[in-house]
Amino acid sequence: MADSSVAAGALVPAGPKPDPAPSTGGDAPQPQPQAQQHQSSPAEEDAGASASPSSSPEEGAGEAEAAPDRELLCPICMALIKDAFLTACGHSFCYMCIVTHLTHKSDCPCCSNYLTKAQLYPNFLLDKVLKKMSARQVAKTASPIDQLRHVVQQGNDMSVKELDSLMTLIAEKKRQMEQQESETNMQILLVFLHCLRKQKLDELNEIQTDLQYIKDDISSVERHRLDLYRTKERYSMKLRMLLDEPAASKMWPSPMDRPSSPFLPNSRAPLNASSPGGLNNRKHDLRAQVSQQGYQRRDALVCPDPPNPPIQSGNVIARKRRVQAQFNELQEYYLQRRRTGGQSRRQDDIVAMNREGYHEGLEDFQSVLTTFTRYSRLRVIAELRHGDLFHTANIVSSIEFDRDDELFATAGVSKRIKVFEFSTVVNEPSDVHCPVVEMATRSKLSCLSWNKYSKNIIASSDYEGIVTVWDVQTRQSVMEYEEHEKRAWSVDFSRTEPSMLVSGSDDCKVKVWCTKQEASAINIDMKANICSVKYNPGSSYFVAVGSADHHIHYFDLRNPSAPLHVFGGHKKAVSYVKFLSNNELASASTDSTLRLWDVKDNCPVRTFRGHKNEKNFVGLSVNNEYIACGSETNEVFVYHKAISKPASSHRFVSSDLDDAEDDPGSYFISAVCWKSDSPTMLTANSQGTIKVLVLAP
C-alpha cells in the first residue's frame with residue numbers, strides 16, 4: 001500500500017511565503033498605550049488645579065456639569081438620581097431604588113441605620129437641580145430636533161398662541177422640505193431615464209450594426225453556396241457527358257456521318273424536287289432541333305437556384321445539435337470576431353473582401369464552427385497500466401511526447417522515467433506494455449520536458465529540487481542541477497534554443513539553465529512558490545511563470561529584474577501555464593477554472609469552467625485549437641479555445657474489481673498531453689491508468 005501522502009497526490013502550493021517579522025531586539029523603547037501615557041496621579045491633578053487660579057466661575061461650572069458630582073449619583077444604581085427621595089438619616093436615593101431595597105432590608109444602604117418606607121421624604125430641591133442640569137446637558141449635546149422636543153415636552157409655561165405660531169412655522173418648513181425633496185426625486189428620475197435612453201439607443205445601434213453584419217454574411221454565404229452548387233452541377237454535367245459519349249455521338253453526328261448536302265432526303269421521305277415548300281420545312285426543322293439542344297445544354301450548365309436540400313445525414317443532424325447546445329457561446333464569439341474585424345479592417349482588407357465575398361471575421365468564425373462541431377466525444381483507442389509489482393505508488397505526474405511523436409515518457413511518484421513506443425501501445429492491445437527505456441531516479445518526479453531538437457534528451461524535476469538532463473539512449477544523466485532548495489515543480493526546454501531550459505520551485509525561485517555549464521545562467525527571486533514555468537514557443541527570451549500568488553508573471557529574460565506584465569484573475573494558485581501560439585497563453589488554477597490570455601496585448605481573452613480542481617495538479621495540455629485538462633472527478637475535459645464550456649469529456653472507469661470497490665472520488669486525472677496538433681491525446685490518472693483518447697464525431 002502507498003503511504004497517505006502518495007494517495008492524496010501532489011498538492012498545489014496554497015499561497016505566498018510570509019514576510020519576515022520586524023526585529024524586536026535591542027534597547028529601543030516600546031511605545032506606551034495612549035491611556036497609560038496620559039495617566040496622572042491625584043497630586044498632579046491637584047497641582048494642575050492650583051496652577052490655574054485664573055479660571056472663571058463659568059468654566060468651573062461647565063466642568064462640574066461635564067463631570068457630575070458623586071453626590072448627585074444614586075448610591076444604589078450609581079446613575080444620576082431620578083425622583084429623588086431623602087431618608088431620615090439625610091441620604092438621597094432614586095425612589096424606585098430605595099423602595100426596592102427596603103422591601104428586602106430595613107436599613108439605610110449608606111449608614112446602615114434603621115429605616116422604613118415611612119421615613120422617606122421627597123427631595124424637591126434636588127429634583128429641580130437635576131432637571132436644570134439635564135436641560136443644560138441636552139442643550140449642549142442634543143440635536144436641534146431633540147432640543148425642540150425637550151422644550152415642547154417641558155414647556156408648561158408656553159401659551160396656545162405660541163404653540164400655534166410654532167406649529168405654523170413647522171408646517172411651512174415641512175412643505176418647503178417636501179417640495180425640495182420632490183424636485184430632487186424628479187431630477188434623479190430624469191437623470192436615470194436619460195441614462196437608460198442613451199444605453200438603449202447604444203444597444204439599438206449595436207443591434208442594428210450586428211443585424212447588418214448578419215445580413216451581409218447571409219448574402220455572402222448564400223452566394224458562395226450557389227457558386228458551389230453551380231460548380232457541382234457543371235462537373236456533374238461533364239461527367240454525364242463523358243459517361244454517355246455513345247448517346248452524345250448519336251445526338252451530334254460526326255462530319256463523316258453527315259450527308260454532303262443538308263437537303264438530301266432521308267430514307268423515309270423521298271425527295272420531291274418539284275416542291276420547294278418541302279425543302280423550306282426541312283430547313284426549319286433542322287434549325288429548331290439545333291436550337292432546342294443548345295438551350296438544354298445551356299440550362300444544364302447554368303442553374304438559377306439550388307434545389308431543396310437533400311435528406312440530412314446523422315452526422316449533420318448531430319453537428320446542428322451541438323450548435324444549438326452552445327448557441328449562446330457561438331453567438332458571442334461570432335459577434336466578437338465580426339465587430340473587431342469590422343473595426344480593424346484596412347483598405348486592402350476591404351478590397352479582398354469585395355473580391356472574395358467573405359469577411360475576415362466570418363471566415364474565422366466558420367473555421368471555429370467547423371472544428372468545434374466536428375467532434376463531440378472522446379473515444380478510447382488504447383489503455384495501459386503504469387504500475388508494476390514492485391511499485392504500488394502509481395500516480396503519473398507528467399506525460400510527454402518526444403519531438404517526432406513516436407515515443408512518450410511518463411514520470412511520477414514511482415521514482416522512474418518510463419519511455420513507451422506510441423505505435424506499439426496503440427496497435428498491440430494489452431493492459432500491460434513494457435517500456436522501451438526505464439530510468440530510476442532518487443526522488444519522486446514532478447515534471448518532464450523533451451528537447452525539441454535532440455530526440456534522445458529529456459529533462460526532469462523532482463521533489464528534492466534537482467533538475468536532471470537525461471540521455472534516453474544511454475539511460476544516463478547528462479547534467480544534474482542542485483541549486484533549488486525545495487521541491488521543483490516544473491521544467492521546460494526552449495523550442496528555439498535547445499541548450500536552454502527553465503525551472504521553478506517551492507523556494508520561490510525561477511532558474512534558467514544552460515546544458516553547456518553547471519551553474520544557473522539566470523536566477524529570478526519571487527515572493528511566492530513557483531508551480532509552473534513555460535518558454536514562449538517563438539522566442540528563448542520570454543518565459544511565463546505560474547505562481548501561488550494567484551498570478552502569471554511574464555518575463556523577458558534579457559531584463560529579469562521585473563516582469564513585462566502580470567496577469568491577474570485567478571482566485572487561487574496557478575498550477576499550469578501553456579502556450580497555444582506565440583501570443584496565446586493558457587493557465588490552470590485550483591479555483592477550478594482555465595483562462596486564456598493574449599500576451600501581445602496583455603489582456604484576458606476567455607475563462608473556461610466545467611471541471612473541478614481545488615487542490616491537486618490535474619494536468620494541462622494545449623494545441624492550436626483545443627485545451628485539455630484533468631479534473632478531481634476522475635474525468636478529462638476538452639475545451640475549444642473559442643468556447644468557454646467543455647466540448648467533450650471522458651470519465652475513467654476502473655475495470656479492476658478491487659479498484660471498483662474504492663471510492664471513485666478518491667481518484668483524479670493527474671496528467672494530459674496532446675499528440676502535436678492531432679485529435680489524439682494521452683491522459684493518466686492517480687490510479688496509474690494511462691489511456692490514449694481521440695476526439696470523435
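The values are calculated or read from the model by the stated rules, or taken from the named source; none is laboratory data. A quick note: this is a predicted structure, and the numbers were derived from the prediction, not measured. Neighbour counts run over all protein chains shown; Cβ positions are idealised from the backbone, glycine included. With ligands, DNA and RNA removed, areas are computed over all heavy atoms of the protein, side chains included. Shrake-Rupley method; radii C 1.70, N 1.55, O 1.52, S 1.80 Å.
A few remarks follow.
- Complete set of residues in region 594-620 that are in a strand (DSSP E or B) and open to solvent by less than 10 Å² (accessible area, probe 1.4 Å): LEU594, LEU596, TRP597, PHE608, ASN616, LEU620
- Matching residues, region 677-697, being surrounded by fewer than 19 Cβ atoms within 10 Å (Cβ to Cβ) and either part of a loop (DSSP other than H, G, I, E, B) or in contact with a Gly (Cβ under 6 Å, 6 or more places away or on another chain) (or both): ASP677, SER678, PRO697
- Just one of the listed residues (ARG377, ARG403) is surrounded by fewer than 22 Cβ atoms within 10 Å (Cβ to Cβ), at pLDDT 90 or above and more than 31 Å from the chain's Cα centre (by Cα), namely ARG403.
- Number of the exception - MET158 against (1) surrounded by 10 or more Cβ atoms within 10 Å (Cβ to Cβ); (2) in a helix (DSSP H, G or I): (2)
- Taking the conditions (1) in a helix (DSSP H, G or I); (2) within 30 Å of LEU72 (Cα to Cα) in turn, SER220 satisfies each one other than (2).
- Restricting the first member to region 421-446 and to residues that are in contact (Cβ under 8 Å) with a residue 40 or more places away in the chain, and the second to residues that are loosely packed, with under 13 Cβ neighbours inside 10 Å, the beta-carbon pairs closer than 9 Å and six or more apart or on different chains are PHE422/GLU406; ASP431/SER655.
- The residues of region 522-535 that are surrounded by fewer than 15 Cβ atoms within 10 Å (Cβ to Cβ) and outside any strand (DSSP E or B) amount to a single one, LYS527.
- In region 671-697, the residues that are touching a residue at least 12 places away in the same chain (Cβ under 8 Å) and on the phi > 0 side of the Ramachandran plot form Cβ pairs under 7 Å with partners that are of a type in the set (Gly, Ala, Ser) and open to solvent by 10 Å² or more (accessible area, probe 1.4 Å), at six or more places apart or across chains, as follows: GLY688/GLY387.
- Total residues in region 440-470 satisfying the condition of being assigned to a strand (DSSP E or B) and loosely packed, with under 15 Cβ neighbours inside 10 Å: the figure is 1.
- Selection of region 416-439 for residues being within 16 Å of VAL692 (Cβ to Cβ), open to solvent by 30 Å² or more (accessible area, probe 1.4 Å) and assigned to a loop (DSSP other than H, G, I, E, B) yields GLU428, PRO429, SER430, ASP431, VAL432, PRO435.
- Filter result for PHE567 (among the aromatic types (Phe, Trp, Tyr), open to solvent by less than 30 Å² (accessible area, probe 1.4 Å) and within 22 Å of ILE395 (Cα to Cα)): no
- Close pairs from region 372-393: first of a type in the set (Phe, Trp, Tyr), partner modelled with pLDDT of 85 or more and open to solvent by 80 Å² or more (accessible area, probe 1.4 Å), Cβ under 8 Å, at least 6 apart: TYR375/PRO697
- Residue in region 580-591 that is open to solvent by 10 Å² or more (accessible area, probe 1.4 Å), part of a strand (DSSP E or B) and in contact (Cβ under 8 Å) with a residue 40 or more places away in the chain present: yes
- Selection from region 471-504 of residues that are out of contact with any Ser or Thr (no Cβ under 9 Å at 6 or more places or on another chain) and open to solvent by 60 Å² or more (accessible area, probe 1.4 Å): GLN473, THR474, ARG475, GLN476, GLU482
- Only one of the numbered conditions (1) at pLDDT 95 or above; (2) open to solvent by less than 30 Å² (accessible area, probe 1.4 Å); (3) within 19 Å of ILE399 (Cα to Cα); (4) out of contact with any Gly (no Cβ under 7 Å at 6 or more places or on another chain) is not met by ASN623, and that is (1).
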